[in-house]
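Inspection log for the structure reproduced underneath, given as structure tokens.
The values are calculated or read from the model by the stated rules, or taken from the named source; none is laboratory data. Only a predicted model underlies this, so the values are computations on that prediction, with no experimental measurement involved. Cβ: placed from backbone, ideal geometry, glycine included. Neighbour counts: every protein chain shown. SASA here: full protein model, heavy atoms, side chains in, ligands and nucleic acids out. Shrake-Rupley method; radii C 1.70, N 1.55, O 1.52, S 1.80 Å.
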Amino acid sequence: FAPRTADVVQQPHATYVESSSPSSSTGFCHVPLEYFHFGNLSSKGPRATFDWGTPQDWSRKLADDGVFRAGSWYCSEGGWPSPNGKAVTEVFYVLEGHGMLGDADGMQHFFGPGDVVIIPKGHTGRWDVNTPIHKVWAVNAHEHIEESGPIIRAQVDHFKDFAAHCLRDTSTFDPLYGN
């Protein structure tokens, strides 16, 4: 497997900002997007379980205070069941790639670049990475499962739905192909 971009960029440093609230989370930090460039991610190797493709993971952590964690993840094509309930709630933003999260009852949630995905604590189902995915993620290790009912659903907020003001009508002219 050859990554799309294997060159390493200069390592930017994280900037930490202390929280002024008396919560159990100590603060947050931010970095330029180059911090998560593929060449700066660490290989985790092939996934231990999968049922199609040969998914391999790369990642880089940005922050971890025991309650809140954030970082970046890249994965090559493949799919795998996720039968154990997720231990945290995860929110991620898709930088590139296309995939699908399936719920325990088989409902499918497709996502791609610009989409925001929420995987609630307790979610079970499956992952399918249809084209290599690069995402920026944040997880919260809260105490209780907040969803009710037998199925805990993933949620995808598509870019086109929450950023309609950024879209243009290309029905009469395609700026990419010029027709």
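If you go through the stretch 1-57 and keep only what is at pLDDT below 50, under 22 Å from His98 (Cβ atoms) and open to solvent by 60 Å² or more (accessible area, probe 1.4 Å), you end up with Phe1, Ala2, Arg4, Ala6. Taken as a whole, the structure leaves Ile145 outside the set of residues that are of a type in the set (Val, Ile, Thr) and either at positive phi or touching an Asp or Glu at 6+ places or on another chain (Cβ under 8 Å) (or both). Based on what the data block shows, is Asp161 surrounded by fewer than 15 Cβ atoms within 10 Å (Cβ to Cβ), free of Cβ contacts under 8 Å to residues at least 12 places away in the same chain, not in a loop (DSSP other than H, G, I, E, B) and not β-branched (Val, Ile, Thr)? Here the answer is yes, as Asp161 does meet what is asked. Listed by first and then second residue, the pairs linking a residue in the stretch 102-123 that is in contact (Cβ under 8 Å) with a residue 24 or more places away in the chain and farther than 17 Å from Pro83 by Cβ to a residue that is of a type in the set (Asp, Glu) and open to solvent by 10 Å² or more (accessible area, probe 1.4 Å), with Cβ atoms under 7 Å apart and 6 or more places separating them unless they lie on different chains, are Pro113/Glu96; Asp115/Asp157; Val116/Asp157.
For the stretch 130-156, a residue qualifies if it is open to solvent by 40 Å² or more (accessible area, probe 1.4 Å), touching a strand residue (DSSP E or B) at 6+ places or on another chain (Cβ under 8 Å) and among the β-branched types (Val, Ile, Thr), and the qualifying residues are Thr131, Val136, Ile151. Residues being within 13 Å of Pro132 (Cα to Cα), in contact with an Asp or Glu (Cβ under 8 Å, 6 or more places away or on another chain) and at pLDDT 95 or above are represented in the stretch 79-94 by at least one member. Scanning the stretch 58-110 for residues that are buried (at least 19 other Cβ atoms within 10 Å of the Cβ) and β-branched (Val, Ile, Thr), we see that the one that is farthest from the chain's Cα centre (by Cα) is Thr89. Of all residues in the stretch 130-159, those satisfying the criterion of being closer than 25 Å to Glu34 by Cα and in contact with a Leu (Cβ under 7 Å, 6 or more places away or on another chain) are His134, Lys135, Val136. One residue stands out in the stretch 112-128 among those that are open to solvent by less than 30 Å² (accessible area, probe 1.4 Å) and β-branched (Val, Ile, Thr): the one that is nearest to Ala154 (Cα to Cα), namely Ile119. Annotation for the stretch 74-87: at least one member residue is part of a strand (DSSP E or B) and in contact (Cβ under 8 Å) with a residue 60 or more places away in the chain. Restricting the first member to the stretch 36-65 and to residues that are assigned to a helix (DSSP H, G or I) and polar (S, T, N, Q), and the second to residues that are modelled with pLDDT of 95 or more and open to solvent by 40 Å² or more (accessible area, probe 1.4 Å), the beta-carbon pairs closer than 7 Å and six or more apart or on different chains are Asn40/Arg60.
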